[in-house]
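Below: the structure, in structure tokens.
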Amino acid sequence: MFVSLKDWKDFWKSKDAADVTWATDAKGELVQQFRVYRLGTTIIIDRDGHIAYRYDGATSYKVLQAEVDVLIRGFLQQSAVANSADRDRDKSSRICSE
């Protein structure tokens, strides 16, 4: 049974997942690159372009939210560590210049 992208989007909207971003691949380049073989394949790509999550089927919205939350928490932790290192470096350079 073929399901159109519109039908798929409507299904997710009915599950209160209207904020999910959908992508289409008219030329099929990403389908080949990420080896997508079925509608509903869920791939979350992190900011470095790596696959952070993949499921070859319909992923529940609850799982999708949890996976995105993990990525966001990791990003925030990395940012906090980087900011702390910047502050330490600034503090150290002020001490050295005094």
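When the stretch 16-51 is limited to residues that are over 15 Å from the mean Cα position of the chain (by Cα) and of a type in the set (S, T, N, Q), the one that is modelled with the lowest pLDDT turns out to be THR24. For the stretch 55-73, the set of residues classified as outside any loop (DSSP other than H, G, I, E, B), in contact with a strand residue (DSSP E or B) (Cβ under 7 Å, 6 or more places away or on another chain) and either surrounded by 15 or more Cβ atoms within 10 Å (Cβ to Cβ) or of a type in the set (Asp, Glu) (or both) consists of TYR55, LEU64, GLU67, LEU71, listed by residue number.
Within the stretch 21-46, being outside any helix (DSSP H, G or I) and surrounded by 10 or more Cβ atoms within 10 Å (Cβ to Cβ) holds for ASP25, PHE34, ARG35, VAL36, LEU39, GLY40, THR41, THR42, ILE43, ILE44, ILE45, ASP46. Is it the case that the stretch 79-96 has a residue that's part of a helix (DSSP H, G or I), modelled with pLDDT of 80 or more, surrounded by 10 or more Cβ atoms within 10 Å (Cβ to Cβ) and among the small types (Gly, Ala, Ser)? No; the residues of the stretch 79-96 include none that is part of a helix (DSSP H, G or I), modelled with pLDDT of 80 or more, surrounded by 10 or more Cβ atoms within 10 Å (Cβ to Cβ) and among the small types (Gly, Ala, Ser).
The values are calculated or read from the model by the stated rules, or taken from the named source; none is laboratory data. Here the structure is a predicted model, which is why all the values come from computation and not from measurement. Glycine also receives a Cβ, built like all others from the backbone with ideal geometry; neighbour counts cover every protein chain displayed.
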